[in-house]
Amino acid sequence: MKTTIENPLNWDVEEKKLKFDNVIVPNRKALVRSDNKQVLSILSNAYKLFNNNDLKKLCRKIEKNADYRLKRFVELQGGKKVLAFLQHDRLQKINREAVREFLVIGNSFDGSSSLFVGYNSHMVRCKNQFTDALRILESKHLKGQLNQKIDVHQILAQFYQQRTKTIKQLTNMQRISISEREISSLVRLILGNSNKDLEMLNPQEIKLRVSINRELAYFGKNAWGLFNGITHYTSNVINKGVHSFGNVSGESQRINKIAMDFLISLN
């Protein structure tokens, strides 16, 4: 099934020698966007570039070996990080709820991380989004340690392992009952101090509580409902309707991870 790629990646990264007063700086190079010439980072010459063209080739290999089709690219921090989202051909279900499922491949050009593969889901009913990521390579992009011919079967094996683990954790949440104690504890972890007196809640906590109550009313008073309350807040409230596709970074990702870790610990 062929899809139209949203937000196509129409630039790549160029390696430039680093100069100061017309003198080449030894053992250092600059990574520069090919379109606007913005410097993404200054790194050691030992850094092995895995550029956007390499990422596209990797996505094409994944398409040939799995039921996922490249849907869109997402740029973070001005292009210092680039993510490819590959959508499953068919709707999937978690706890009987329809979800659009994505395989995420991430790459960085600032030396902060190695390639990673992630599992991402978008709930069809309310567009709640969640990403769980696992690094493919623990090392940074260093010569001799990043093979440009990355084994796509290894990537898919790691993705399916991560997917199975994440879905199992989400499925188990439906069986975990919660009380106001767990709700307040999680709200405190996310926002800091929490007050049970609704008249004394700050605007941020009121919005979070509204999302939580909304999803608990739909799913029941269990960890799955609470988790969806958090992802509803991060997906539909924090960004004021302008979605950060996948909730893979920033405040939304931080809050979602806090919620996931907390609710898993209740099992």
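Just so it is clear, none of the values below were taken in a lab; they were calculated from the coordinates. Being a predicted model, the structure only gives us computed values, none of them experimental. For neighbour counting, all protein chains shown are included, and Cβ atoms are generated from backbone atoms with ideal geometry for every residue, glycine included.
Report note on the peptides 40-46, 53-59: ranked by the mean count of other C-beta atoms within 10 Å, highest first, their order is 53-59, 40-46. Counting every other Cβ atom within 10 Å of each residue's Cβ, TRP11, TRP224 order from fewest to most as TRP11, TRP224.
Among ASP89, ASP132, the order by Cβ neighbours within 10 angstrom, fewest to most, reads ASP89, ASP132. Ordering ILE24, ILE212 from the fewest to the most neighbouring beta carbons within 10 Å gives ILE24, ILE212.
Taking 7 Å steps out from each Cα toward its Cβ at TYR218 and SER185 produces label points 2.6 nm apart.
Were the residues from VAL39 through GLU251 laid out at 0.36 nm apart, the gain over their Cα-Cα distance would be 73.8 nm.
Once you've got the Cα coordinates, tell me which of LYS64/LYS168; LYS29/LYS80; LYS17/LYS48; LYS16/LYS48; LYS127/LYS207 are over 20 Å apart. Those over the limit are LYS64/LYS168.
Normalised by 2.2 N^0.38 Å, where N counts its residues, the alpha-carbon radius of gyration of the stretch 41-132 equals 1.21.
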